[in-house]
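A short write-up of the structure that comes next.
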Amino acid sequence: MDTIWIKLLFSLLTIFIVLNYGLLLQGVVRKIGARVGRRYGIRWYQPWIDIIKNYAKRTKITHGIMYYIAPAFRLTGGIGLLLFMPVIYGTDMFSNFSFTGDLLLLLYFQFFGVLGMALGAAEGGHPYSAMGVSRGLAQVTAYELTLTLGIIAIAVQYQTLSITEIVAAQQGGIANWTIITNPLAGIALMLAFLAAMGRSPFDVVIAPQEIPIGPPTEFHSGLLGVLQLNRAIFPAAKLILFMNLLFGGATDWGTLIIKTFLIYMWSVFVGVAFPRFRVDQSIRWYLFIPLIIGVLAVLFMKF
Amino acid sequence: MSKEHTEKRIVYSPDGEPIEIDPIKDYFEGGRPEIRNPRNGIIEKFANWARSESLWILGFGTGCGAIEMRPLMTPRFDAYRFGYQWRPTPRQSSVFVISGYLSVKTLKRVIRSYEQMQNPKFVVALGSCTINGGMYYDSYNTINRLDHYLPVDVYITGCMPRPEALLAGFDHLKRKIKEGRGEGANKYAENFDWYKANQKKIIKDWDIPDYNW
């Protein structure tokens with residue numbers, strides 16, 4: 001009985017740390033993007049102010065029940081992804097609720113939030129939301145193929161569906177990391193990672209300059225605040241997932257922050273260097289080279 | 001002016017089922033704006049600080065002055081460092097910059113957009129045209145005093161004001177919000193009938209409800 005309460009407390013602590021880390025990443029990365037464009041950029045603590053501002057709005061309007069539930073769905077996707085995997089390897093408490101089949105569950109959580117948003121945005125009634133959601137779902141479906149193939153290759157390699165065991169198998173130096181021992185799956189996953197982070201070449205879905213901001217067009221005040229919380233937690237959780245799968249996990253928070261920051265830089269560098277894809281372009285791109293690499297990764301494991 | 005598109009009508013589904021459509025009721029939501037009193041003390045002060053440090057500007061260039069807002073996003077002026085960001089949708093924005101002259105046709109859209117923004121919201125009027133009509137003072141289709149149609153928080157004079165002047169104006173708005181004087185939305189709700197009467201005097205083809213959100 002006591003352990004479950006301690007576990008819950010540590011889960012809340014995990015969420016709190018990862019949320020603030022995610023917001024910090026957001027601010028720092030936007031600053032880096034600005035510096036690349038020779039601008040001074042936002043203040044690093046701007047994401048916190050934006051969230052406080054949105055919660056401090058005095059009015060909000062509603063379009064129906066689903067409109068309220070959608071941000072909660074979205075946040076559930078982020079928190080679920082975070083809590084069902086070992087954040088810090090080797091500690092009981094920061095392994096949270098990870099279990100033997102968590103790898104499959106996490107694949108599901110990738111999609112969960114987007115579907116929730118689709119329902120909420122549809123009830124919002126704005127045509128741009130519907131357009132944004134259909135674009136988002138199409139793009140997620142495209143990169144999900146590569147992602148799943150990469151994850152299957154890793155599962156076959158280690159003969160397990162438990163992330164803890166995958167991390168355990170990678171301990172003992174860089175030579176044991178999956179990105180070295182299984183480079184094909186690593187490449188496939190890192191290509192899928194680009195779209196999963198929703199940064200530049202693949203950010204047409206929520207880019208404010210395109211079809212106005214896509215799915216969250218109608219969301220405002222506290223509802224937008226919830227979505228912003230998710231936009232901090234979800235990428236950070238994905239970073240931790242990729243770190244666990246490919247880069248040997250982390251045994252303490254310091255290692256976690258250094259590793260995830262460097263992994264994030266991969267998508268940031270690609271983002272500031274390459275212009276935005278249209279959705280049809282990004283789908284075509286994902287269904288060609290990354291998909292072939294993914295299939296090869298699985299075949300390579302088989303034979 | 002034809003208003004057919006706003007009249008009630010019956011359409012038939014593929015199965016022959018009649019569906020009644022009332023555009024005004026289906027596409028808009030009527031009612032009146034409500035006054036939301038600010039909270040007391042330190043909570044409101046903190047909220048006002050957050051509001052003033054995170055001003056989201058509605059990307060709606062109403063007149064020629066909009067061209068002076070673009071440089072604010074460039075490396076030379078870079079307004080992002082002061083917490084200004086541009087949002088594409090009125091739902092999420094808190095500052096409406098009326099950039100220059102306002103034609104009657106645009107005024108209708110401006111009112112709709114303004115009413116869709118959530119309380120608290122602020123209006124910055126840019127250029128002489130919003131004060132007394134500027135060089136369009138005797139034009140047949142522009143308004144002269146913006147203050148008659150929307151509650152304005154800050155005026156920035158000039159024809160057109162330079163981006164530096166805009167930054168100074170935004171700074172003034174920040175101070176105003178921090179002092180708790182940025183209550184334009186409540187002022188609009190308080191004097192709703194007066195604003196509406198003024199708006200309807202100018203806009204002849206009024207085919208939207210009095211208040212859409």
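The values are calculated or read from the model by the stated rules, or taken from the named source; none is laboratory data. Keep in mind the model is a prediction, meaning the values are calculated, not measured. Here the Cβ is made from the backbone with ideal geometry for all residues, glycine too, and neighbour counts use every protein chain on show. Surface accessibility is based on the protein's heavy atoms, side chains included, excluding ligands, DNA and RNA. Shrake-Rupley method; radii C 1.70, N 1.55, O 1.52, S 1.80 Å.
Cβ-Cβ contacts under 7 Å between residues 6 or more apart (or on different chains), taken from a first residue in segment B:22-41 that is open to solvent by 90 Å² or more (accessible area, probe 1.4 Å) to a second residue that is at pLDDT below 85, are listed as B:29/B:212; B:29/B:213; B:32/B:211.
Restricting the search to strands (runs of 3 or more DSSP E) fully inside segment B:76-173 and requiring at least 1 residues that are among the polar types (S, T, N, Q) and within 14 Å of another protein chain (Cβ to nearest Cβ) gives B:84-87. Only one entry of B:122, B:82, B:77 meets the criterion of being in contact (Cβ under 8 Å) with a residue 24 or more places away in the chain and buried (at least 22 other Cβ atoms within 10 Å of the Cβ), and that entry is B:122.
The residues in segment A:63-73 that are more than 10 Å from chain B (Cβ to nearest Cβ) and either in a loop (DSSP other than H, G, I, E, B) or farther than 28 Å from residue B:46 by Cα (or both) can be counted, and the count is 7. Pairs meeting the criteria (first residue in segment A:83-97 and without any contact (Cβ under 8 Å) to a residue 40 or more places away in the chain and more than 17 Å from residue A:246 (Cα to Cα), second residue open to solvent by 20 Å² or more (accessible area, probe 1.4 Å) and hydrophobic (A, V, I, L, M, F, W, C), beta carbons under 6 Å, at least 6 apart or on different chains) are A:84/A:97; A:84/A:105. If the condition is being assigned to a loop (DSSP other than H, G, I, E, B) and facing another protein chain (nearest Cβ under 7 Å), then segment A:41-58 contributes A:41, A:42, A:43, A:56, A:57, A:58.
Within segment A:8-24, residues that are more than 15 Å from residue A:235 (Cβ to Cβ) sit with their Cβ atoms under 8 Å from residues that are hydrophobic (A, V, I, L, M, F, W, C), at 6+ positions apart or across chains, in these pairs: A:10/A:93; A:10/A:94; A:11/A:83; A:11/A:97; A:14/A:82; A:14/A:83; A:14/A:87; A:14/A:94. Is there a residue being open to solvent by 30 Å² or more (accessible area, probe 1.4 Å) and within 14 Å of chain B (Cβ to nearest Cβ) anywhere in segment A:180-199? No, because not a single residue in segment A:180-199 is open to solvent by 30 Å² or more (accessible area, probe 1.4 Å) and within 14 Å of chain B (Cβ to nearest Cβ).
Yes or no, residue by residue, for (1) buried (at least 20 other Cβ atoms within 10 Å of the Cβ); (2) in contact (Cβ under 8 Å) with a residue 24 or more places away in the chain; (3) under 30 Å from residue A:168 (Cβ atoms):
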{"site": "A:215", "(1), (2), (3)": "yes, yes, no"}
{"site": "A:220", "(1), (2), (3)": "yes, yes, no"}
{"site": "A:224", "(1), (2), (3)": "yes, yes, no"}
{"site": "A:231", "(1), (2), (3)": "yes, yes, no"}
{"site": "A:235", "(1), (2), (3)": "yes, yes, yes"}
{"site": "A:238", "(1), (2), (3)": "yes, yes, yes"}
{"site": "A:244", "(1), (2), (3)": "yes, yes, yes"}
{"site": "A:255", "(1), (2), (3)": "no, no, yes"}
{"site": "A:261", "(1), (2), (3)": "no, yes, yes"}
